[in-house]
1. I'd like the Karplus ³J(HN,Hα) series for segment 35-45: coefficients 6.51, -1.76, 1.60, θ = phi - 60°, whole numbers in Hz, and an x wherever there's a Gly or Pro.
2. Given the options VAL17, VAL73, VAL153, state which has the largest fluctuation in a GNM of the chain using a 10 Å cut-off (strictly under) for Cα springs.
3. Only residues of segment 61-92 count here: report those whose backbone N is under 14 Å from the spot 7 Å along Cα→Cβ of ALA129, or say none.
4. Can you match mean projected area of the Cα convex hull in nm² to one of these, (1) 23.2; (2) 10.3; (3) 12.1, based on a calculation from the structure here?
5. At 222 nm, what helix-only mean residue ellipticity would the chain give, in deg cm²/dmol to the nearest 500, using -39500 (n - 2.57) for each DSSP H run of four or more?
6. Note the angle between two axes, namely the Cα long axis of helix 91-101 and the longest principal axis of the Cα atoms of the chain, as a number of degrees from 0 to 90, rounded to the nearest 10.
7. Between exposed GluC sites (Glu not before Pro) in the chain, where DSSP calls loop and at most 14 other Cβ atoms lie within 10 Å, what's the longest gap?
8. Rank the residues THR175, THR126, THR15 as a footprinting-exposure proxy: fewest other Cβ atoms within 10 Å of their Cβ go first.
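Read-outs: derived from the displayed coordinates by stated rules, not from any lab. Just so we're clear, the structure is a prediction, and the values are computed from it rather than from any experiment. As a convention, Cβ positions derive from the backbone with ideal geometry for all residues, glycine included, and neighbour counts pool all protein chains shown.
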Amino acid sequence: MRLARRTPLFDLDGTLVDSDAALMAPYTALGIDPSDHPPLGLPLGEACDRIGVEVAAYLELYDPTAVRPFPGVDDLLTHLEIWGLASNKEQGSGRKELARLGWQPAVALFTDDFQGRPKRLGPLLTAMAIEPAQAIYIGDTEHDRHCAREAGVTFALAAWNHRAAAEPDDVVLTTPADLVPLL
């Protein structure tokens with residue numbers, strides 16, 4: 001019996017793009033000591049609130065051209081028929097990055113779409129008209145793992161990011177190409 005095809009859903013920062021330095025640079029430029037930077041993966045408003053930085057000041061200094069795809073991601077996305085994206089990134093910079101990279105997800109939801117709260121997969125599944133069993137969410141953080149589990153979607157860890165830490169129940173992808181057999 002053949003399993004139903006799965007639609008890949010991705011996180012952006014730390015999963016599709018190596019953006020750690022780009023995400024931290026505005027905080028440093030605003031005079032925040034690197035040891036006081038907020039953790040990666042938070043919605044921008046929450047991250048800025050934690051350290052007393054205005055979102056507008058951060059965005060003024062954020063350079064969306066500084067992020068680069070992880071090796072193998074471009075090739076993977078080029079060959080996917082349909083894919084979606086759910087990210088805690090601010091929508092304006094996220095859409096600029098997608099356009100610059102030439103990536104066209106069927107649906108892309110950003111922190112603005114979640115009213116500044118952490119992303120959820122339910123709205124992405126609804127927008128793409130797919131059931132949880134028909135999807136796989138690829139991410140790099142505990143929050144990504146939680147999003148997938150909360151929505152009943154299989155989670156795959158983007159272990160090509162050196163920061164990603166596997167848990168016993170994770171599907172672990174060491175390269176983007178490792179996703180293909182799971183679809």
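1. Per residue, the Karplus-derived 3J(HN,Hα) values read 5, 9, 4, x, x, 5, x, 6, x, 4, x Hz.
2. Maximum fluctuation in the GNM of the chain, among the listed residues, is at VAL73.
3. none
4. Among (1) 23.2; (2) 10.3; (3) 12.1, the one derived from this structure is (2).
5. Values: 7 runs with 60 residues, N = 183.
-9000 deg cm²/dmol, from helical runs alone.
6. 60
7. Details: sites that count: GLU54, GLU81.
Looking at the chain, 82-183 is the longest stretch - no exposed GluC sites (Glu not before Pro) with at most 14 other Cβ atoms within 10 Å.
8. Values: THR175 15, THR126 10, THR15 27.
Lowest to highest Cβ neighbour count: THR126, THR175, THR15.
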